[in-house]
Amino acid sequence: MDIRIERTKTPKAKPADETKLGFGHIFTDHMFMMDYDEGQGWHDARIVPYGPIELMPSAMVLHYGQEIFEGLKAYRTPDGSIQFFRPEENFKRMNVSAERLVIPKINEQDALQALHALVEVDKDWVPHIDGASLYIRPFIFTTDPFLGVRPGEHYYFMIIMSPSGAYYSTGINPVDIYVETNYVRAVRGGMGFTKTGGNYAASLAGQDEAHKQNYSQVLWLDGVERKYIEEVGAMNIMFVIDGEVVTPSLQGSILSGITRKSALELCRKWGMKVSERRITIQEVADAYDAGKLDEVFGTGTAAVVSPVGHLKWGDKIMEIGGGKIGPVTQRLYDTMTGMQYGKIPDDMGWIEKL
Ligand code: PLP
Ligand code: COI
């Protein structure tokens with residue numbers, strides 16, 4: 001694929017203090033864009049200065065939400081080089097989302113080429129300190145100016161990038177999570193397994209309620225029986241119960257997380273007992289009461305591996321591991337971030353160099 005590159009004439013100052021990046025506030029100098037027109041396919045790949053795009057008020061995405069996205073990171077290693085973690089998985093998943101939302105698929109090799117080209121242009125924006133990285137957001141949306149409900153005939157595929165620190169303001173410290181019993185996020189047959197804006201829009205009211213009660217995230221239950229555990233707003237969830245790692249199986253309503261898959265592969269490699277199955281919130285509460293709920297943690301690109309300190313279900317508040325990070329959580333965190341930041345060897349074949 002040919003990519004035209006137009007460099008900015010007014011580069012911005014890089015963040016002076018990388019300890020204060022936060023998540024998703026700052027954007028690099030350039031972005032990738034490509035157009036899709038029915039009959040022509042994807043065309044006109046280009047890297048241009050980061051800035052506003054033109055969109056008609058009637059653009060279908062603004063009304064019916066036909067859009068998908070991904071999230072991955074570029075990491076800087078101690079020798080200054082830059083690398084990605086399983087980036088091909090993101091574009092594979094993007095095409096899974098595309099199919100569900102009737103969005104034209106991208107060529108995964110072209111998308112990887114675009115990713116490398118864009119990071120190369122903005123490589124000085126990849127942070128240098130531990131715990132910070134360049135968060136990368138590929139996304140596709142329809143632009144057709146039309147108010148009828150149908151799949152679009154015109155789309156943009158874009159990639160923007162944001163130097164970021166920890167997703168949660170607590171960093172690696174445990175997050176407090178509220179089990180949502182009123183709202184649901186997704187149902188089987190819906191779009192829960194995709195990364196589309198609508199899933200996140202559906203989560204906002206629950207998240208708002210959680211925040212009002214001083215909880216930072218929501219743990220979703222299944223949309224039918226409201227008893228099986230699904231996932232958290234921006235991460236998959238795992239439990240260590242009596243030494244066994246248990247996580248909800250993929251049944252169509254939750255995202256197939258790349259961090260989830262990697263954590264499970266590592267635990268299996270370490271000889272731990274791992275099971276992907278349906279698990280009820282009652283089972284978790286019973287394990288807690290029996291003193292067998294050893295650890296609870298979330299996994300996600302933005303969240304990395306995040307210990308859960310408290311879990312609130314109705315009137316019941318479970319304090320996990322004395323509010324401290326547990327050994328499995330810590331080992332996964334150290335191993336994954338170690339590989340990502342090039343501090344320990346990648347014996348899984350997960351790292352791709354820029
Ligand atoms: N679940 C949801 C709803 C998410 O938004 C994310 C973040 O991408 C995840 C899980 C974790 O997925 P991954 O590990 O691929 O980042
Ligand atoms: C990610 O981990 O990449 C996510 O998509 C989380 C995001 C919703 C902030």
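The values are calculated or read from the model by the stated rules, or taken from the named source; none is laboratory data. Model, not experiment: these values are computed from the prediction. So basically every Cβ, Gly included, is an ideal-geometry build from the backbone, and we count neighbours across all protein chains shown. All accessible areas refer to the heavy atoms of the entire protein, side chains included, with ligands and DNA or RNA removed. Shrake-Rupley method; radii C 1.70, N 1.55, O 1.52, S 1.80 Å.
Is region 100-119 home to any residue that is within 16 Å of ligand 1 (Cβ to nearest atom) and out of contact with any helix residue (DSSP H, G or I) (no Cβ under 7 Å at 6 or more places or on another chain)? The answer is yes; a qualifying residue exists.
None of Lys273, Lys227, Lys261 is under 25 Å from Glu88 (Cβ atoms), open to solvent by 30 Å² or more (accessible area, probe 1.4 Å) and in the same structural domain as Gly321 (by TED's automatic domain parsing) except Lys261.
In the condition set (1) in a strand (DSSP E or B); (2) within 16 Å of ligand 1 (Cβ to nearest atom); (3) over 22 Å from Ile281 (Cα atoms), Phe157 is compliant with all but (2).
Listed by first and then second residue, the pairs with beta-carbon distance under 7 Å, at least 6 apart or on different chains, first residue in region 295-306 and farther than 17 Å from Ile229 by Cβ, second open to solvent by 10 Å² or more (accessible area, probe 1.4 Å) and away from ligand 2 (no atom under 11 Å from the Cβ), are Val304/Tyr333; Val304/Thr337; Val305/Tyr333. Take Val240 and tell me if it is in a strand (DSSP E or B), buried (at least 22 other Cβ atoms within 10 Å of the Cβ) and more than 11 Å from ligand 1 (Cβ to nearest atom). Spelling it out, Val240 is indeed in a strand (DSSP E or B), buried (at least 22 other Cβ atoms within 10 Å of the Cβ) and more than 11 Å from ligand 1 (Cβ to nearest atom).
What number of residues within region 4-29 satisfy the criterion of being assigned to a loop (DSSP other than H, G, I, E, B) and either without any contact (Cβ under 8 Å) to a residue 60 or more places away in the chain or farther than 18 Å from Met161 by Cβ (or both)? Looking only at that region, the number is 9. Identify all residues within region 233-263 that are within 16 Å of ligand 2 (Cβ to nearest atom), modelled with pLDDT under 95 and out of contact with any helix residue (DSSP H, G or I) (no Cβ under 8 Å at 6 or more places or on another chain); write none if there are none. Scanning region 233-263 gives a single hit, Ala234.
Here Val218 clears all of (1) free of Cβ contacts under 8 Å to residues at least 60 places away in the same chain; (2) open to solvent by 40 Å² or more (accessible area, probe 1.4 Å); (3) assigned to a strand (DSSP E or B) except the condition numbered (2).
Of the strands (runs of 3 or more DSSP E) that lie entirely inside region 253-329, those containing 2 or more residues that are within 16 Å of ligand 1 (Cβ to nearest atom) span 293-300, 304-313. The set of residues in region 161-209 being hydrophobic (A, V, I, L, M, F, W, C), open to solvent by 30 Å² or more (accessible area, probe 1.4 Å) and outside any loop (DSSP other than H, G, I, E, B) consists of Ala201, Ala202, Leu204, Ala205. For region 90-100, residues that are in contact (Cβ under 8 Å) with a residue 24 or more places away in the chain, under 16 Å from Gly198 (Cβ atoms) and open to solvent by 20 Å² or more (accessible area, probe 1.4 Å) total 2.
Does region 26-39 contain any residue that is within 16 Å of ligand 1 (Cβ to nearest atom) and either closer than 30 Å to Met235 by Cβ or not assigned by TED's automatic domain parsing to the domain that holds Asn107 (or both)? The answer is no, given that none of the residues of region 26-39 is within 16 Å of ligand 1 (Cβ to nearest atom) and either closer than 30 Å to Met235 by Cβ or not assigned by TED's automatic domain parsing to the domain that holds Asn107 (or both).
Within region 109-121, the presence of a residue that is open to solvent by 20 Å² or more (accessible area, probe 1.4 Å), within 22 Å of Thr299 (Cα to Cα), modelled with pLDDT of 95 or more and not assigned by TED's automatic domain parsing to the domain that holds Thr301 is excluded.
Restricting attention to region 49-89, the residues that are among the aliphatic types (A, V, I, L, M), open to solvent by 20 Å² or more (accessible area, probe 1.4 Å) and within 25 Å of the chain's Cα centre (by Cα) total 3.
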